[in-house]
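Step one of this worksheet: look at the structure below.
The values are calculated or read from the model by the stated rules, or taken from the named source; none is laboratory data. All values derive from a computational prediction rather than experimental measurement. Counting neighbours? That spans all protein chains shown, and the Cβs are built from the backbone with ideal geometry, glycine included. Heavy atoms of the whole protein, side chains included, go into the accessibility calculation; ligands, DNA and RNA do not. Shrake-Rupley method; radii C 1.70, N 1.55, O 1.52, S 1.80 Å.
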Amino acid sequence: MDRIAAWLHEKNPDLDGPIGPDEDLIEARLIDSMDFLEFIDLLEDLTGENIDLQDVTIDDFRTLNRVQERFLATA
């Protein structure tokens, strides 16, 4: 999760402090449509697996907890 948090802070330089595990990354505009594919690339790099966009929903990317559960639980 450290690489994900670092990436989010890099994309949002005005962000101070840690990102809460249940903070809505989309509603808080920490991930926008321009960054979404890059975020998926990051997750694929971390897991070593491709993410099939037909097998996921936007809610799978909504919070750090959900990202952890959905993509990193077995990584």
Fill in: Scope region 44-57; condition in a helix (DSSP H, G or I) and open to solvent by less than 40 Å² (accessible area, probe 1.4 Å); matching residues
47
Item to complete: Specify the residue that is nearest to residue 21 (Cα to Cα); the eligible residues are those in region 63-75 that are among the aliphatic types (A, V, I, L, M) and in a helix (DSSP H, G or I).
Response: 64
Discussion item. For the structure I just gave you, tell me whether residue 45 is of a type outside the set (Phe, Trp, Tyr) and within 14 Å of residue 68 (Cβ to Cβ).
Written reply: no
Discussion item. Tell me the residue from 16, 32, 2 that is open to solvent by 40 Å² or more (accessible area, probe 1.4 Å), under 12 Å from residue 61 (Cβ atoms) and either at pLDDT below 95 or in contact with a strand residue (DSSP E or B) (Cβ under 6 Å, 6 or more places away or on another chain) (or both), please.
Written reply: 32
Worksheet item: Could you give every pair whose Cβ atoms fall below 7 Å, whose first residue belongs to region 20-38 and is under 13 Å from residue 67 (Cβ atoms), and whose second residue is of a type in the set (Ser, Thr, Tyr), counting only separations of at least 6 or pairs across chains?
Response: 21/63; 22/63; 23/63; 24/63; 25/63
Worksheet item: Does residue 41 satisfy being open to solvent by 60 Å² or more (accessible area, probe 1.4 Å) and modelled with pLDDT of 95 or more?
Response: yes
Worksheet entry | Any hit, region 47-59, residues being within 10 Å of the chain's Cα centre (by Cα) and without any contact (Cβ under 8 Å) to a residue 24 or more places away in the chain | no
Worksheet item: Can you tell me which of 29, 70, 62 is touching a helix residue (DSSP H, G or I) at 6+ places or on another chain (Cβ under 8 Å) and among the charged types (D, E, K, R)?
Response: 70
Worksheet entry | Filter result for residue 60 (open to solvent by 30 Å² or more (accessible area, probe 1.4 Å) and either hydrophobic (A, V, I, L, M, F, W, C) or not in a loop (DSSP other than H, G, I, E, B) (or both)) | no
